[in-house]
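These notes concern the structure reproduced below.
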Amino acid sequence: MLLGVYVIALAVIALSPVSPIRGLDLSQELDSAGLGWVTYTQLESFANVLLFVPFGLLIALLVPTRWWWVVVVGLVVVAGGIELGQALFLPGRVPSIDDVLANSTGGAIGVGIAAIIRGVAWAVRRARRTE
């Protein structure tokens, strides 16, 4: 269910006619936080990474670990499909290979987090069996 809600939110964000953060000016907030060196491009890239972390995490937790490579490939394909959809159908959006790389990185980070979660769960189960 959580994955379904996430996919709907992702579709709204990725396929809306205008980027949700395009034109967002956070320069004063970033300056006051000591992050005045952060550019809009860096902020957008970071947002793209964060956008796909839950996607990789949720899908990886649903499939056996031996199929995680398929999850990563699938996330790259989805990221590419989103950018292709923006290029073909959303003239107000700016598709970019950098977005595909950022989204794919976020998805891979999510899969990595799933690996940590599964590893900790396995260790806890193993420790309980030996008690």
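Brief remarks follow.
- Any hit, region 122-130, residues being among the charged types (D, E, K, R) and in contact with a helix residue (DSSP H, G or I) (Cβ under 9 Å, 6 or more places away or on another chain): no
- Those residues of region 1-36 which are at pLDDT below 80, among the hydrophobic types (A, V, I, L, M, F, W, C) and part of a helix (DSSP H, G or I), in sequence order: Leu30
- Any hit, region 72-88, residues being assigned to a helix (DSSP H, G or I), surrounded by fewer than 18 Cβ atoms within 10 Å (Cβ to Cβ) and acidic (Asp, Glu): no
- Pairing residues of region 118-131 that are under 19 Å from Val63 (Cβ atoms) with residues that are of a type in the set (S, T, N, Q), at Cβ distances under 7 Å and at least 6 apart in sequence or on separate chains, gives Arg118/Thr65.
- Any hit, region 83-103, residues being within 14 Å of the chain's Cα centre (by Cα) and among the polar types (S, T, N, Q): yes
- Filtered residue count, region 89-116, keeping only those that are surrounded by 12 or more Cβ atoms within 10 Å (Cβ to Cβ), over 12 Å from Phe52 (Cα atoms) and free of Cβ contacts under 8 Å to residues at least 60 places away in the same chain: 6
- Qualifying residue in region 14-26 (condition: farther than 18 Å from Arg93 by Cβ and surrounded by fewer than 17 Cβ atoms within 10 Å (Cβ to Cβ)): yes
- For region 89-131, the set of residues classified as over 20 Å from Trp67 (Cβ atoms), among the basic types (Lys, Arg) and assigned to a helix (DSSP H, G or I) consists of Arg125, Arg126, Arg128, Arg129, listed by residue number.
The values are calculated or read from the model by the stated rules, or taken from the named source; none is laboratory data. Because the structure is predicted, anything quoted here is derived from the model rather than measured. As a convention, Cβ positions derive from the backbone with ideal geometry for all residues, glycine included, and neighbour counts pool all protein chains shown.
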